[in-house]
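The values are calculated or read from the model by the stated rules, or taken from the named source; none is laboratory data. In this text, all values refer to a predicted model and were calculated from it rather than measured experimentally. Heads up, the Cβs are rebuilt from the backbone with ideal geometry, glycines too, and the neighbour counts pull from every protein chain shown. Ligands, DNA and RNA are excluded from the accessible area calculation, which covers all protein heavy atoms including side chains. Shrake-Rupley method; radii C 1.70, N 1.55, O 1.52, S 1.80 Å.
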Amino acid sequence: MDGAARRRLVKAAGWGAALAPLALLLADAARHRLGANPIEAVLNRLGFWTFTFLVLSLAPTPLRLWTGLAWPLRLRRLLGVTAFSYAALHFSWYLGVDQFFDLQAVGADVVKRPFITVGFTALLLLLPLAVTSTDGWVRRLGFARWKALHRLAYPAALLGVVHFLWRVKADRLKPTVFAVVVAALLLARLRRRAVRPFGAAVDTPPGGK
Amino acid sequence: MARWRPDMKEAEATPESLWLRRRDFLRLGAAGALSLAWPGRSAAGGPVGVPLPVAKRVTLAGGEALTPWDDVTSYNNFYELGTDKSDPAVRAGTLRPRPWTVTIDGEVKRPLTLDVDALWKRFPLEERTYRMRCVEAWSMVIPWVGFPLGDLLRQVEPTSRAKFVAFQTLHDPAQLPGQRRAVLEWPYVEGLRIDEASHPLTLLAVGLYGRVLPGQNGAPLRLVVPWKYGFKGVKSIVRITLTERQPPTSWNRLAPREYGFHGNVNPEVDHPRWSQARERRIGEFLKRKTLPFNGYTEVASLYAGLDPKALY
């Protein structure tokens, strides 16, 4: 297989992975397999996939450091935009279905409930990243500034962990697993920065060129 | 085209109260349309299990529709069988609710240790349809089958020192594998003041929908206190102990700021992390307003002189 074909295959697999959770969700809804509280089930699933894709979008760089694998770098943009899309669906579901546009209740939640404040902040942090995810924006901002901006993905992921931890009643297993993964990815980057300080960036723009 | 018409009479105008509610009206209309589009549960199964002899039926849920059997038995908080609400129904097979021995002891003149079937056969069974409000802000309407705890307490004759009633769930990780992880401190324990325990609404349930309790709902014996949050309804009870001191309770041990001893349903007192003002009735689209004492205001006299905000 030549390089171009391999690139297409990687992209196709990425798109498949990005859409699979949504397809499964729709299939379960059509077959009435969302349980007794489908509104809550959909909300929780969208939140889970937001976090999963956010973590996956942060993984390619440390993965290359550890294993030398370069092809996942090509998927960073797709994974990041997918994470934002699930975050937007998660919030829209909360706003439009769970709370049914009760803006007073939503406003009170965002202000008064720390776990919602934190989740909403994470969504706001992801918004500029989604907007500037195109090649055009990389050029407009310049790669250095663009890259600095896109480090916001880390605070967003950390806030996501907190959002999840503060939501659960007692069983912290799942959010703890996420927290450990995010911490490992962040430490890998910090270590690399210590080893290879400024000016020696090996990062490539999101198109992988 | 709309124009200023000075001849329009006050009475012809939309009353202000309705005008102010126009958004509620739109919301209700849209919600109705959405609920029609919302997929219902397919292949809803009827009640299964051994039928129980019900001597009397009492509905105390204001004529509200029953939550279907399938929902009542597939959406459960029973951490001893897994922390996802779908877990207990899938994993209940490890629980062996018969034979089952229950002990009633502590500050009583006639302590008892007997088989659960021998226990319920001492009382005429009643079907009691109650609202059940979970602390997580969802609710159901469930036809329980059981007998008033107060009737049992009278048989064991509490001593003058008995001020509280403590309940304990089975502690056996082989039957309740969730106990292998210390999500809560095991066994699950709960408690009531003796006047709450003796209130005629307080039920020891052995069944629902006329059948013996399924494992995921707390077989073979569980507590039902309809004016309190669901976590007070301790499941799979092996021991009931009358005490002089207030007994520890599981959720209060884990997070005392979030779960008090009383656990009374109160829309005015929010959980520190979410509002308790409204609840989602399982099967409904729009949230409903939560009622003080879950609608069972006849218990209010139990709390005369106490600050309701301290009774979470």
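The table below gives the values:
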{"item": "Rough spin-label spacing in nm, given labels placed 7 Å along Cα→Cβ, for B:LYS309 and A:ASP171", "result": "3.5 nm"}
{"item": "Peptide A:166-174 - average C-beta neighbours from other chains (10 Å radius)", "result": "5"}
{"item": "Under 5 Å, built H, 5+ apart or other chain: amide partners of B:GLN276", "result": "B:ASP270, B:HIS271"}
{"item": "Principal-axis tilt of helix A:173-195 within chain A, Cα atoms, nearest 10 degrees", "result": "20 degrees"}
{"item": "Per-residue [θ]222 nm for chain A (sum of -39500 (n - 2.57) over DSSP H runs n ≥ 4, rounded to 500)", "result": "-24500 deg cm²/dmol"}
{"item": "Dipole moment magnitude, nearest 20 debye, segment B:19-299 about Cα centre, only Lys, Arg, Asp, Glu C-beta charged", "result": "480 debye"}
{"item": "Peptide B:272-281 - average C-beta neighbours from other chains (10 Å radius)", "result": "3"}
{"item": "Percent of Cα pairs exceeding the 37 Å cut-off, where the set is the protein assembly as shown", "result": "42 percent"}
{"item": "Between A and B, accessible area buried - total, square angstrom, nearest 100, 1.4 angstrom probe", "result": "2700 Å²"}
{"item": "Label-point gap, in nm, between B:ASP105 and B:SER160 - each point 7 angstrom along Cα→Cβ", "result": "2.5 nm"}
{"item": "Segment B:230-247 - phi-based ³J(HN,Hα) in whole Hz, Karplus 6.51/-1.76/1.60, Gly and Pro as x", "result": "x, 5, 6, x, 4, 9, 6, 6, 10, 8, 10, 10, 7, 9, 8, 9, 5, x"}
{"item": "Theoretical FRET efficiency, 1/(1+(r/R0)^6), r = Cβ-Cβ of B:LEU60 and A:ALA13, R0 45 Å, to 0.05", "result": "0.20"}
{"item": "Debye log10 I(q)/I(0) for chain B, one point scatterer per Cα, at q = 0.15 Å⁻¹", "result": "-1.27"}
{"item": "Furthest towards positive pole of dipole, B:GLY150, A:LEU103, B:HIS271, structure part the protein assembly as shown, Cβ charges", "result": "A:LEU103"}
{"item": "Calculated log₁₀ intensity ratio I(q)/I(0) where the Debye formula runs over C-alpha points of segment A:41-87, q = 0.16 Å⁻¹", "result": "-0.44"}
{"item": "Selection from B:SER198, B:THR73, B:ALA304, by position along the positive dipole direction of chain B (Cβ)", "result": "B:THR73"}
{"item": "Heavy-atom SASA rank of A:LEU58, B:LEU291 (probe 1.4 Å, accessible area, largest first)", "result": "B:LEU291, A:LEU58"}
{"item": "Where N is the number of residues in segment A:3-195, Cα Rg divided by 2.2 N^0.38 Å", "result": "1.08"}
{"item": "Potential extension, B:ALA174-B:ARG193 segment - 0.36 nm per residue separation minus Cα distance", "result": "3.7 nm"}
{"item": "Helix axis angle, B:22-37 relative to chain B longest principal axis, alpha carbon, degrees", "result": "60 degrees"}
{"item": "Using θ = phi - 60° and Karplus 6.51 cos²θ - 1.76 cosθ + 1.60, couplings along segment B:159-171 (whole Hz; Gly, Pro as x)", "result": "7, 5, 7, 6, 10, 9, 10, 9, 10, 9, 7, 3, 10"}
{"item": "Of every Cα-Cα pair in segment A:4-110, the percent that sits beyond 17 Å", "result": "61 percent"}
{"item": "Distant-in-sequence amide H partners of B:ILE240 (H built 1.01 Å from N, under 5 Å)", "result": "B:THR103, B:ILE104, B:ASP105"}
{"item": "Segment B:250-301 and segment A:90-146: distance between their alpha carbon centers, rounded to Å", "result": "30 Å"}
{"item": "Dipole of chain A [Lys/Arg +1, Asp/Glu -1 at C-beta], most positive-end residue of A:VAL81, A:TYR94, A:ALA170", "result": "A:VAL81"}
{"item": "Degrees separating the helix A:3-30 axis from the principal Cα axis of chain A, which is the longest one", "result": "0 degrees"}
{"item": "Estimated FRET transfer efficiency (B:ALA300, A:ALA70; beta-carbon r; R0 51 Å; 0.05)", "result": "0.15"}
{"item": "Number of partner chain Cβ atoms within 10 Å, mean per residue of A:26-38", "result": "5"}
{"item": "Probe 1.4 Å - accessible area at B:SER86, Å² to nearest ten", "result": "70 Å²"}
{"item": "Estimated inter-spin distance, B:ARG98 and B:GLN246, nm [label 7 Å along Cα→Cβ]", "result": "3.9 nm"}
{"item": "For segment A:1-57 and segment B:103-167, distance of Cα centres in Å", "result": "47 Å"}
{"item": "Range of Cα positions in segment A:84-166 per principal axis (Å), largest first", "result": "41, 23, 18"}
